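The values are calculated or read from the model by the stated rules, or taken from the named source; none is laboratory data. These numbers come from a predicted model, not from an experiment. Positions of Cβ are backbone-derived with ideal geometry, glycine not excepted, and every protein chain shown enters the neighbour counts. Remember, those area values only see protein heavy atoms, side chains included, never the ligands or the DNA or RNA. Shrake-Rupley method; radii C 1.70, N 1.55, O 1.52, S 1.80 Å.
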Amino acid sequence: MASSGKMEGPSAPALRRDPYEVLSVSRDSSDQEIKSAYRKLALKYHPDKNASNPEASDLFKEVAYSYSILSDPEKRRQYDTAGFEALENEGMDMEIDLSNLGTVNTMFAALFSKLGVPIKTTVSPTVLEEAMNGTVTVRPLPVGTSATGKVEKQSAHFFGITISEEQAHLGIVIRVASVAQSKFKLLFFEHEVSGGYGLALQEDSQKTGKVTSAGMYFLHFQVYRMDSTVNALAMAKDPEAAFFKRLEGLQPCEVSTLKPGTHIFAVYGDNFFKPASYTIEAMCAKSYEETTERLKEIESKILEKRNDLRQFETEYRKALARFQEVTTRYTQEKEAPSGSAY
């Protein structure tokens, strides 16, 4: 359903369509399914790839706007409850380009981020342009090895990872971690016919324990990660739901496949002021067969328990509603004047 009217934020399209329709996903789609749909459409309509199609820019903005709603648990809940009207007074979070942000504004953004306010950032256009022009330096990273480095803020270190036909069949994992808890993005670029590289996928680093990390999985089976922030807002607003949401953070990672050949990845410095320290490694799934099987078994058990919790939550809420109904009736009868009939 389309809806016209004034929109908050310059990225909002003039005509609003159902964000689920725009991204071609269902209302019960997982966070990862929504993210995957967004990436495919963003790549399809990216202005750099559609210079001769003026409509692509509008479609790209519409896709980005829809994703900004569905990728935020609270905004998604508001939209599901009352449509666009629920978002009118909230405004829309914008992704910011730190490379074009003044020093004072950068300091404010860093402060808000430190206080726990999520600040979404984009990859610097300069980095994307240099990659598209093929003027970046690409460092070889053989499968089974790692490399460490420090990348300046809003800059990127590029790596070429060459995989054989056997390794492509077995599966590849690219992982970046920072013991300094730096903020960074892991980027994957596709080869362009012009000879340059176009951004295809990106993963923002997340804090896990005492490190920040990001990974991309090019496998032939599903893998999961535990995201403790998935239902944080819902849990805070409804403490009763917190118990039932403990396993909702187990989310499927986006899984793709790679063909044999050399593939381009990059580590992008996403800190506000200082360089990002990192270690990047390329691993073949063959080296971790035993661990992989154990992990699959554990994930299967967690998914089973999560389904049990969901069923128990439904039963609990029905019983609670019945209990409240009975106690309310009892209270009314107790307080009613004698002789009143019910």
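Residues that are assigned to a loop (DSSP other than H, G, I, E, B) and surrounded by fewer than 18 Cβ atoms within 10 Å (Cβ to Cβ) within region 156-183 comprise SER164, VAL179, ALA180, GLN181, listed in sequence order. Of all residues being touching a helix residue (DSSP H, G or I) at 6+ places or on another chain (Cβ under 9 Å) and within 21 Å of PHE218 (Cα to Cα) in region 184-200, which is surrounded by the fewest Cβ atoms within 10 Å (Cβ to Cβ)? Just the residue, please. Once the filter is applied, the top-ranked residue is GLU190.
A single entry from ALA82, ALA86 fulfils the requirement of being surrounded by fewer than 17 Cβ atoms within 10 Å (Cβ to Cβ), touching a helix residue (DSSP H, G or I) at 6+ places or on another chain (Cβ under 6 Å) and either more than 23 Å from LEU128 (Cβ to Cβ) or modelled with pLDDT of 80 or more (or both): ALA86. Can you confirm whether region 12-22 contains a residue that is of a type in the set (A, V, I, L, M) and modelled with pLDDT of 75 or more? Taking every residue of region 12-22 in turn, at least one turns out to be of a type in the set (A, V, I, L, M) and modelled with pLDDT of 75 or more. Of all residues being surrounded by fewer than 14 Cβ atoms within 10 Å (Cβ to Cβ) and assigned to a loop (DSSP other than H, G, I, E, B) in region 201-215, which is nearest to the chain's Cα centre (by Cα)? Just the residue, please. Checked region 201-215; the qualifying residue nearest to the chain's Cα centre (by Cα) is GLY209. The residues on offer are PHE159, PHE188, PHE112, and the sole one that is at pLDDT 85 or above and within 23 Å of TYR65 (Cα to Cα) is PHE188. Of the strands (runs of 3 or more DSSP E) lying entirely inside region 222-322, those containing at least 3 residues that are within 30 Å of GLY149 (Cα to Cα) and at pLDDT below 75 span 224-226. Restricting region 133-155 to residues that are among the basic types (Lys, Arg) and modelled with pLDDT of 90 or more, the residue that is most open to solvent (accessible area, probe 1.4 Å) is LYS150.
Within region 15-29, being open to solvent by 30 Å² or more (accessible area, probe 1.4 Å) and either in contact (Cβ under 8 Å) with a residue 60 or more places away in the chain or among the aliphatic types (A, V, I, L, M) (or both) holds for one residue alone: LEU15. Say whether the condition of being open to solvent by 70 Å² or more (accessible area, probe 1.4 Å), in contact with a helix residue (DSSP H, G or I) (Cβ under 8 Å, 6 or more places away or on another chain), modelled with pLDDT under 80 and part of a helix (DSSP H, G or I) is met by at least one residue in region 47-63. For region 47-63, residues open to solvent by 70 Å² or more (accessible area, probe 1.4 Å), in contact with a helix residue (DSSP H, G or I) (Cβ under 8 Å, 6 or more places away or on another chain), modelled with pLDDT under 80 and part of a helix (DSSP H, G or I): present.
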